[in-house]
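Contents: one structure, followed by commentary.
The values are calculated or read from the model by the stated rules, or taken from the named source; none is laboratory data. What you are looking at is a predicted structure, and each value in this text was computed from that prediction instead of being measured. FYI the Cβ positions are ideal-geometry reconstructions off the backbone, even for glycines, and counts take in every protein chain you see.
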Amino acid sequence: MDDRSHARDDRANPEGRLPRILVMGCGGIGGITTACLAEAGQDVTASTTNETIFRRVQDQGIEIADAGVTRRVKTKVALGIPDDGTCFDVVVLATQPPQVEEAARSAASVLADDGIMLVLQNGLCEERVATIVGEHRVVGGVVGWGATMPEPGVYERTAPGGFTLGTLSGAPVPERHEVFVRALEAIGPVETTSNLRGKRWSKLAINSAISTLGTLGGDRLGALMPHRFVRRLALEIFTEVSAVAKRESVRLEKVSGTIDLAWISLTEEERLVAGSPSLVAKHGLLLAVGLRFRRMRSSMLSAIERGRTPAVDFLNGEVVTRAERHGIAVPVNAKARELVWALSEKKRTSGLPLLRELFEATGPHGA
């Protein structure tokens, strides 16, 4: 184990200093983001409302377990919003979706007049944050990697990847924040998009399948995807989300390193005929995804285990709500949402039998 304390990066913003960054949330994504930025010499402060995490990070730094090697990264940390008068150029929202609006309201008081909030939550949270700080101050960040917090203040990166950044209007990220955008490369590759909605809906479909099925199955992706009926559930969820996105006039775009929703969604023929070559290919892709991201564990499952509100209403629930507006049936998303809440309320137990219940309740399915 080693302690790392790097000198600050010489790259400064137009005012001659590094951007001041506040990361709201010290779960898996927030912890890894803070640690990587701190290692790169950025002026970053972590904010948590969990006193156990706060004490651990304050006393020992952020501990990262990576490929059998553990290291500690020292960083500034605050219990709640820093009260030292600091005004932040960037607020990174890295809480779970159910806490995103509260986090945005809390951090708005310390956001610079020309600052931005970077929304990392899964779902469609940019619109919610825009109502709090204004659309011109919101940047969406689609996360293409995974992380978990096995214990307070200890983090493990479970999948590689980077970010896709964009704005609700399609305009470029403000040039004055270029230094911060470059700083994110310490975590992974950064690309930008003028079609944030298309990227977000593609990621929404992936999370509505992978995260929710992982929550119900109670295991990592690598243990679930070898089961054919689990893959079929994922394909059905992708197909339902794609149908709703189309009615929402969203042009789906592949998220870097993930699945092309336009291709993998089931055709009517594939839903009726077992064993077609195209269906075999789609199952094969999901097997490959399960292998590549085999260590990934649902953050929603971790939230439930910690007694917190699951994010299912921001994932499958978002799909169900919008489907109702258009008169579209989305039975797998609707039942999955119901079962996640039952799991959260301790009326069900996670595992393959719960996924089998979802499969049988929403059939008939093809192979």
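Within segment 321-367, the residues that satisfy the criterion of being of a type in the set (S, T, N, Q) and within 22 Å of the chain's Cα centre (by Cα) are Thr321, Asn333, Ser344, Ser350.
Is it true that some residue in segment 326-336 is outside the structural domain of Asn50 (by TED's automatic domain parsing), more than 22 Å from Gly363 (Cβ to Cβ), buried (at least 16 other Cβ atoms within 10 Å of the Cβ) and touching a residue at least 40 places away in the same chain (Cβ under 8 Å)? No - not one qualifying residue is present in segment 326-336. Being in contact with a strand residue (DSSP E or B) (Cβ under 7 Å, 6 or more places away or on another chain), assigned to a helix (DSSP H, G or I) and not small (Gly, Ala, Ser) is a description that applies to Val181. Picking from residues in segment 145-178 that are touching a Lys or Arg at 6+ places or on another chain (Cβ under 8 Å) and part of a loop (DSSP other than H, G, I, E, B), the one that is surrounded by the most Cβ atoms within 10 Å (Cβ to Cβ) is Gly153.
Being touching a strand residue (DSSP E or B) at 6+ places or on another chain (Cβ under 8 Å) and over 30 Å from Asn50 (Cβ atoms) is a description that applies to Arg292.
Checking each residue in segment 322-349 for being acidic (Asp, Glu) and under 18 Å from Asn207 (Cα atoms) picks out only Glu338.
Quick grid of which residues meet (1) surrounded by fewer than 16 Cβ atoms within 10 Å (Cβ to Cβ); (2) more than 26 Å from Thr95 (Cα to Cα):
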{"position": "Pro277", "(1), (2)": "yes, yes"}
{"position": "Gly290", "(1), (2)": "no, no"}
{"position": "Arg295", "(1), (2)": "yes, no"}
{"position": "Ser298", "(1), (2)": "no, no"}
{"position": "Phe314", "(1), (2)": "no, no"}
{"position": "Leu339", "(1), (2)": "no, no"}
{"position": "Leu343", "(1), (2)": "no, no"}
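Would you check if there is a residue in segment 119-126 being part of a strand (DSSP E or B), surrounded by 19 or more Cβ atoms within 10 Å (Cβ to Cβ) and in contact (Cβ under 8 Å) with a residue 40 or more places away in the chain? No, there is no match, as no residue in segment 119-126 is part of a strand (DSSP E or B), surrounded by 19 or more Cβ atoms within 10 Å (Cβ to Cβ) and in contact (Cβ under 8 Å) with a residue 40 or more places away in the chain.
Scanning segment 80-93 for residues that are touching a Lys or Arg at 6+ places or on another chain (Cβ under 9 Å) and under 18 Å from Ile53 (Cα atoms) yields a single hit, Pro82. Pairs linking a residue in segment 229-256 that is outside the structural domain of Ala329 (by TED's automatic domain parsing) to a residue that is not basic (Lys, Arg), with Cβ atoms under 9 Å and 6 or more positions apart or on different chains, do not occur. The set of residues in segment 38-57 being in contact with a Gly (Cβ under 9 Å, 6 or more places away or on another chain), free of Cβ contacts under 8 Å to residues at least 60 places away in the same chain and not polar (S, T, N, Q) consists of Ala38, Ala46, Phe54, Arg55. Taking segment 222-251 as the range and being in a helix (DSSP H, G or I), under 23 Å from Arg292 (Cα atoms) and more than 19 Å from the chain's Cα centre (by Cα) as the test, the residues that pass are Ala223, Leu224, Arg228, Phe229, Val230, Arg231, Arg232, Leu233, Leu235, Glu236, Thr239.
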